[in-house]
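J.: The structure that follows is given in the form of structure tokens.
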Amino acid sequence: RANRDALESIGIELSRDLYVDYALHRGMSCLDLAAERGATATEIDALRARRNRLYAAMLIDAPPPMPGVADTLAVLKGRFRMCVVTTSLREHFDLMHAHSGLRRFFEFMIAREDYANSKPDPEPYLTALIRLDIAADRCVAIEDSERGLASATAAGLRCIVIPGEMTKGASFRGATMILDSAAGLPRLLRDL
């Protein structure tokens, strides 16, 4: 919605399908649509700032975590080292999880400011592996998008995909497993 509203301010219509294709499939910024239509770097920077402000305001009332996620993380905590590798800005992640109660389950978080090249590039996961000081073949990524899967596998990790509302039906070729919910993770991870 924040991307759509920012782009609408310069006359570009962003449909859900176009958003899914650009952001979740290709791993591109939806603001690339503005660049493709001749927007200057200064105009794109202004759009990005507007989009980020809109998104931050929306996150103040972030929805609760998906059902079962907190219970699953509680089972996994202490059995596995866990961290978050996100393409979100730290500010947005913090707003999103200000009241979720999920941060307590993770050792640390790698946000967009912590690496130069975003997913689907492997750099976000490689950054996490360095911080964990663990080899990729000893880790499993949990992802919800094609770009996340591509990032994780390019970094040498096995990847379990739990599609979200916008990514159901996407091609998750190369995934170790595709699950409908987080509830199956404890048993599956025990067997990997």
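The values are calculated or read from the model by the stated rules, or taken from the named source; none is laboratory data. Just so you know, these numbers come straight off a predicted model, no measurement behind them. Every residue, glycine as well, gets a Cβ built from its backbone with ideal geometry; the counts of neighbours run over all protein chains shown. Surface accessibility is based on the protein's heavy atoms, side chains included, excluding ligands, DNA and RNA. Shrake-Rupley method; radii C 1.70, N 1.55, O 1.52, S 1.80 Å.
J.: Could you work out the relative contact order of region 1-125, using alpha carbon pairs under 8 angstrom and six or more residues apart, expressed as a whole percent?
T.: Working: 110 pairs, mean separation 27.5, N = 125.
RCO, region 1-125: 22 percent.
J.: Right, another one. On full extension of the chain, what length is gained from ASP17 through ARG81, given 0.36 nm per residue of separation minus the C-alpha to C-alpha distance?
T.: Numbers: separation 64, 0.36 × 64 = 23.04 nm, distance 3.54 nm.
That pair, ASP17 and ARG81, stretches by 19.5 nm at full extension.
J.: Sort ILE130, ILE44 by accessible area with a 1.4 Å probe, largest first. Write out the running numbers ahead of the final one.
T.: Values: ILE130 135, ILE44 25 Å².
Final ranking, largest accessible area leading: ILE130, ILE44.
J.: Also: Could you rank the peptides 176-182, 28-34 by their average count of other C-beta atoms within 10 Å per residue, with the highest value first?
T.: Per-residue Cβ counts within 10 Å, averaged per peptide and sorted highest first, yield 28-34, 176-182.
J.: Can you give the FRET efficiency to the nearest 0.05 for LEU179 and ARG37, using r as the Cβ-Cβ distance and R₀ = 41 Å? Walk me through the numbers on the way to the answer.
T.: Working: r = 39 Å, r/R0 = 0.95.
In this case the efficiency is close to 0.60.
J.: Defining a contact as two alpha carbons under 8 Å apart and six or more residues distant in sequence, what relative contact order in percent does region 50-192 show?
T.: Working: 192 pairs, mean separation 27.7, N = 143.
Here the relative contact order equals 19 percent.
J.: Could you tell me what percent of the accessible area of the chain is made up of carbon and sulfur, with a 1.4 Å probe and every protein chain present?
T.: Details: 5570 of 10820 Å².
That fraction is 51 percent.
J.: Tell me what the chain gives for mean residue ellipticity at 222 nm when only DSSP H runs of n ≥ 4 count, each as -39,500 (n - 2.57), the sum divided by the residue total, rounded to 500 deg cm²/dmol. Present the calculation step by step, with values, prior to reporting the outcome.
T.: Numbers: 9 runs with 76 residues, N = 192.
So the calculated ellipticity at 222 nm is -11000 deg cm²/dmol.
J.: Residue by residue, what Karplus-based ³J(HN,Hα) values in Hz, rounded to whole numbers, does region 178-186 have, using 6.51, -1.76 and 1.60 with θ = phi - 60° and x for Gly and Pro?
T.: 10, 10, 7, 8, 6, 4, x, 4, x
J.: For a paramagnetic label modelled at 7 Å from the Cα of ILE60 toward its Cβ, which residues of region 89-133 fall within the zone defined by backbone nitrogen distances under 14 Å?
T.: 95-96
J.: Which of ALA34, LEU188, LEU129 sits farthest toward the positive end of the charge dipole of the chain, with +1 on the Cβ of Lys and Arg and -1 on the Cβ of Asp and Glu?
T.: Farthest towards the positive pole: LEU188.
J.: Continuing with the same structure: Provide the net charge surrounding ALA150, with neighbours chosen by a C-beta distance below 11 Å and charges set as Lys +1, Arg +1, Asp -1, Glu -1.
T.: Values: positive: ARG26, LYS119, ARG147, ARG173; negative: ASP121, GLU143, GLU146.
With Lys, Arg at +1 and Asp, Glu at -1, the neighbours total +1.
J.: Just to verify a number: what accessible area does GLU36 come out at with the full protein assembly present, 1.4 Å probe, Å² rounded to tens?
T.: Here the accessible area works out near 110 Å².
J.: For the chain, give me the percentage of DSSP beta bridges that are antiparallel, rounded to the nearest 5 percent. Intermediate values should be presented prior to the final figure.
T.: Numbers: 0 of 10 bridges.
Approximately 0 percent, going by the DSSP bridge assignments.
J.: Using modelled backbone amide H atoms (1.01 Å from N, in-plane), which distant-in-sequence or interchain residues come within less than 5 Å of VAL85's amide H?
T.: The list, which skips near neighbours in sequence, is ILE110.
J.: Just to be sure I follow: if Rg is taken over the C-alpha atoms of region 58-105 and Rh is the Kirkwood radius over the same atoms, what is Rg/Rh? Don't skip to the end; give the middle numbers.
T.: Working: Rg = 11.5 Å, Rh = 11.7 Å.
Answer for region 58-105: 0.98.
J.: For the chain, how big is the tail of P(r) above 23 Å, as a whole percent of Cα pairs? Don't skip to the answer; put the middle values down first.
T.: Values: 8509 of 18336 pairs.
More than 23 Å apart: 46 percent of the Cα pairs in the chain.
J.: In addition: Given bins 10 angstrom wide, list per bin the percent of all Cα-Cα distances in region 89-173, short to long.
T.: 17, 45, 35, 3
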